[in-house]
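The values are calculated or read from the model by the stated rules, or taken from the named source; none is laboratory data. Everything numeric here is computed off the predicted structure, so don't read it as measured data. Because the Cβ atoms are built from the backbone with ideal geometry, glycine has one as well, and the counts that use them run over all protein chains shown.
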Amino acid sequence: MAFAYFPHTPDDIRQMLQRSGVSSIEELYSDVPEKFRFKGEYDLPDAMSEEEVRRYFTHLDSLNTRLTVFCGAGAYDHYSPAAVKYIISRSEFLTAYTPYQAEISQGTLRYIFEFQSMVCELTGMDCANASMYDGPTSAAEAMLMSVASVRKRRKVLISSSLLPNVIDVVRTYTGYHGVQTDTIEISDGVTSLEDLKRKLSGNDVAGVLVPGINRYGIIEDLEGFADAVHSAGALMAVYSDPSSLAVLKTPGEWGADIACGDGQTLGIPLCFGGPYVGFLACRKDLMRKLPGRIVGATEDLDGKRSFVLTLQAREQHIRREKATSNICSNQSLMALYVTVYLSLMGPEGLKKVNDLSYGGAHYLHRKLLETGKFSVVFDKPFLKEFVLATDIDVPYLQKVLADAGFFGALQTEEGYVSFCVTERRTREEIDALVAVVNDVIQK
Amino acid sequence: MKYYDKLIFELSKEGRCGYSLPDNMWEENTGSIPSGLRRTSVPRLPQVSEVDVVRHYTNLSDMNFGVDTGFYPLGSCTMKYNPKINEEIAGTAGFQGIHPLQPRSTVQGVMKLYNDLSASLSAITGMAAFTLNPFAGAHGELTGLMIMRRYHICRGDLKRTRVIVPDSAHGTNPASATVCGLEVVQVNSLPDGTIDVDHLKTLLDDTVAGIMMTNPNTLGLFETRIGEIADLVHGCGGLLYYDGANMNPLLGVVRPGDMGFDIMHLNLHKTFSTPHGGGGPGAGPVGVAERLRQYLPLPRMDGEEPEENAGRISGFMGNFGVLLKAYAYILMLGRQNIRMAGPLATLNANYVKESLKDCYMLPVPSVCKHEFVFDGLADQSTGVTTLDVAKRLLDYGFHAPTVYFPLLFHQSIMIEPTETESKETLDAFIDVMRKIAGEAAEDPDLVKSAPHNTPVRRPDETAAARHPVIRFQY
Amino acid sequence: MSKTVAGLRYSESHEWVGIDGNIATIGITDYAQHALGNLSYVDMPETDDEVTKGEEFGAVESVKAASDLYSPVSGKVVEINTELEDAPERLNVDPYANWIIKVEMSDPSELEDLMDEAAYIAFCEKEK
């Protein structure tokens, strides 16, 4: 009974058992109490051949409906250059472990260094780590990092205008960690600076989290936020869409101490929510509170430029229960994905992605308003995502759109309808979507 | 491997590009955004052509060692072969294009995958239900501990805030406990690395939330008194958490659920063959016993939101792409091949151990499971350390084992061969390990100055930590 | 054989204390810096922070290890050695010439619980 992933021949097994000083494979488990050895039949499918595996997944694929994506809410349908997939498929990257042996991991170490550098460049921060799991967990870590950095304070404030899943994940992490989390109110679609100031007045807040682009797609004006936060002795973190930072004011420019967010917008496929890649960056003086892997430059015995995992004394494998985070494996390959993507796009390409998304989104925005059945909720600048108010039954609209091959008209918690347009969407697609909307209206 | 000294930024030339995007067909662009909201500087991303990018990263890859390059006996990391069908499946365009918030009716295939994979993991582990949302092993640990805490909190048992962790445990265990707001209490190991049950008894009271264990433990030894430990911990009202980092030898032989564990995580990137990707993405599904089902985090496969849920721990529903790979592997294994997965991993480990124990110090001379630990060279008079042996292995084309862990010994060398390695590969490794032991005796400087053939040699970690340079200096 | 200095007091967690009036100058011993190896960072409290005898007041890090610093006395931090921020290696070069913090003691009688040089030498022998 040969199997492709087990190279042992019966003769190999015989010889190896002999060397091991046992007479049978069962004997290797003789220390396992009899009652714990599983005697039953595993309730698993019969072993399949590759062709059968392909057939199973082809069937699985056929059960999903392919839709043209007109929604965002934390996952965006951006274009991914062919060369990215080609590079990340290289097995030297794909099948390596965390780069513990620097001598034979310079490839991984160098791209992480490049990733850190690019994250710093986009966010306007001094230091970045090798990646977090996703955006929401990076936000949670940013808040735990604030609490670890500002002594004797166990409270954070997060804007209600953040994406709902970001708020939920932050609340989960801080809740178990014994950190009090309050929300900052929304005023006219954006984080209320007045409410923030009010909630900072007790001088008991360690960290504040606000979005660069919020749950309604609005680009927030964070003028005055950092001053308010800093004068209350707290740290400010901004949750950003890194793609947008090619054109929008960076967390650094807003005066933030920490930048976090999801790198998915940098060309990573939607893939039902993962794998994506979170990022976490900070000012230099917070470097030693930054969780996760960090790569640094150094020289080897012969004076050659080399890269190593550094500042490891912060991490769980050394600090154990005193570490500020438990993260080990992160999303390294997706950090490579983003690094290759940003190398290909460069500053011009990334700006163009934003221009195309902006143009398409505003075109759809106008077309929907022209139907007469939608109205503006917040008259604020947006980039690629927006919400409108409507009399149309939103779940019904979403269903009709899905039947026509579109994923659009996401209903927000407030009852608004949300749309998103990226550079992948064409005028024909947008016109076709609007035509379906008009059909719904006419019925 | 060839040394290559560029960073992508150093290839940049103003005006060059590697992208291909359509011309702007819209009336408006980001220039319409109020200037107060726009960044003032152009980000200094590289400006390079596509061929520059492809060559640069190909050259970088040539300085990397993966499972596909050669034998990777990194203890505790289960570096088994990553089957290529997994990659093909995960790369399917249909899966890549699904938005996580699409209506359920349009993602029935995805839902079937979540159901089928969870059911298989339940069958393999004996746990009643799984969440597939955690992104990695440590994330799974944290999620599992959140479930543990939530269980006690929902029962009004608020004083259970201590979690027992063996002193030999992976550093993530205590770190996860702290992040989860639990106080860590260490239970001692006996000289053979197993839990000191007498010491454990003294720690158990009504403030204990539970215990975190691996079995086999970090020395690769089966905790034979697990049944008694489970009774003791349950008897005091605590829960048992199983750290699935060491699940591989039990694959097809023992189910954690049957040993009395209430909560566990699996590392799909260890036990279920998905590639490590240089440090992720992995996946760390968490399984629970029936009575803990309602505590699983959101969002849940059944779409329900029971009041007791542990909260939301991920943006969406985990690393779907990784889950696809793991299920492809499970289908290839099937009910038949799984029976041999753990046993062959155990056989490989014992074979290597027995073949080297005259040259390397074996502190616990008994049958091991998937891995075992040497405490340096048998002849400690040469001055050659574990680090030197590890570096010398690189010269011979092997990845080094895990070194200086567990902390129970000063010169730990932790070797985990996995079941996908052939006798020939193991023999070659054994030969080299013996040869290095010989070199240590005859020419210690040769080993102490290793590696000699790698792209770089012993980079200065102290300098890197004292004066950190962690981003490109323009 | 690690170095010690006469006239200093020593703790079991390998800190030394020099006394000048009610000001205690605190550092780590030669034994400690040897055990830790090349130090890469010293995490220090801020001036005016209160420290308590037996409780941690900071940490020293090397590449592969981190060790908490425990205060041998209680009191208020009046000065920290900022030179160590950029040059932690000074503790490797001469741990006695490079102090870490100075504390205004609230209870000088706590000094009686510390070891003198001879007792500390004997203590280190046993630790080996």
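Across the range A:101-115, the number of residues qualifying as of a type in the set (A, V, I, L, M, F, W, C) and either out of contact with any helix residue (DSSP H, G or I) (no Cβ under 8 Å at 6 or more places or on another chain) or surrounded by fewer than 24 Cβ atoms within 10 Å (Cβ to Cβ) (or both) comes to 1. In the range A:343-371, the residues that are more than 7 Å from chain B (Cβ to nearest Cβ) form Cβ pairs under 7 Å with partners that are hydroxyl-bearing (Ser, Thr, Tyr) and not in a helix (DSSP H, G or I), at six or more places apart or across chains, as follows: A:Ser357/A:Thr422.
Based on this model, can you work out whether B:Met332 counts as in contact with a helix residue (DSSP H, G or I) (Cβ under 7 Å, 6 or more places away or on another chain), under 30 Å from B:Leu113 (Cβ atoms), assigned to a helix (DSSP H, G or I) and within 7 Å of chain A (Cβ to nearest Cβ)?
Details: in contact with a helix residue (DSSP H, G or I) (Cβ under 7 Å, 6 or more places away or on another chain): yes; under 30 Å from B:Leu113 (Cβ atoms): yes; assigned to a helix (DSSP H, G or I): yes; within 7 Å of chain A (Cβ to nearest Cβ): yes.
Here the answer is yes, as B:Met332 does meet what is asked.
The number of residues in the range A:1-53 being assigned to a helix (DSSP H, G or I), out of contact with any helix residue (DSSP H, G or I) (no Cβ under 6 Å at 6 or more places or on another chain) and among the hydroxyl-bearing types (Ser, Thr, Tyr) comes to 1.
Just one residue in the set B:Ser35, B:Ser76, B:Ser12 is surrounded by 17 or more Cβ atoms within 10 Å (Cβ to Cβ), under 21 Å from A:Asn354 (Cβ atoms) and more than 7 Å from every other protein chain (Cβ to nearest Cβ); that residue is B:Ser12.
Return the residue satisfying two criteria in turn: it lies in the range A:82-100 and is buried (at least 21 other Cβ atoms within 10 Å of the Cβ) and part of a loop (DSSP other than H, G, I, E, B), and of such residues it is farthest from the other protein chains (Cβ to nearest Cβ). This residue is A:Pro99.
In the set C:Lys102, C:Lys126, only one residue is farther than 15 Å from C:Lys3 by Cβ, loosely packed, with under 14 Cβ neighbours inside 10 Å and out of contact with any Gly (no Cβ under 7 Å at 6 or more places or on another chain); that residue is C:Lys126. In the condition set (1) buried (at least 19 other Cβ atoms within 10 Å of the Cβ); (2) more than 7 Å from chain A (Cβ to nearest Cβ), B:Leu7 is compliant with all but (2). Taking the criterion of being hydrophobic (A, V, I, L, M, F, W, C) and within 13 Å of another protein chain (Cβ to nearest Cβ), the only residue of the range B:414-424 that qualifies is B:Met414.
Might you check whether a residue that is polar (S, T, N, Q) and within 19 Å of A:Arg66 (Cα to Cα) occurs anywhere in the range A:351-371? For the range A:351-371, residues polar (S, T, N, Q) and within 19 Å of A:Arg66 (Cα to Cα): absent. Of A:Ala432, A:Ala402, all but one fail to be touching a residue at least 40 places away in the same chain (Cβ under 8 Å), out of contact with any strand residue (DSSP E or B) (no Cβ under 6 Å at 6 or more places or on another chain), surrounded by fewer than 22 Cβ atoms within 10 Å (Cβ to Cβ) and not assigned by TED's automatic domain parsing to the domain that holds A:Ser160; the exception is A:Ala402. Scanning the range B:83-99 for residues that are facing chain A (nearest Cβ under 7 Å), surrounded by fewer than 24 Cβ atoms within 10 Å (Cβ to Cβ) and assigned to a loop (DSSP other than H, G, I, E, B) turns up B:Pro83, B:Thr92, B:Gly97. One residue stands out among those in the range B:153-199 that are part of a helix (DSSP H, G or I), surrounded by 20 or more Cβ atoms within 10 Å (Cβ to Cβ) and not β-branched (Val, Ile, Thr): the one that is farthest from the other protein chains (Cβ to nearest Cβ), which is B:Asn173. When the helices (runs of 4 or more DSSP H) confined to the range C:1-106 are screened for residues that are away from every other protein chain (no Cβ under 14 Å), those reaching at least 3 such residues are found at C:30-36. Going by the structure shown, is A:Cys271 under 30 Å from A:Cys71 (Cβ atoms) and at the interface with chain B (Cβ under 7 Å from one of its Cβ atoms)? It is true that A:Cys271 is under 30 Å from A:Cys71 (Cβ atoms) and at the interface with chain B (Cβ under 7 Å from one of its Cβ atoms).
For the range A:124-209, which fully contained helices (runs of 4 or more DSSP H) count at least 2 residues that are among the hydroxyl-bearing types (Ser, Thr, Tyr) and under 23 Å from A:Ser231 (Cα atoms)?
A:135-149
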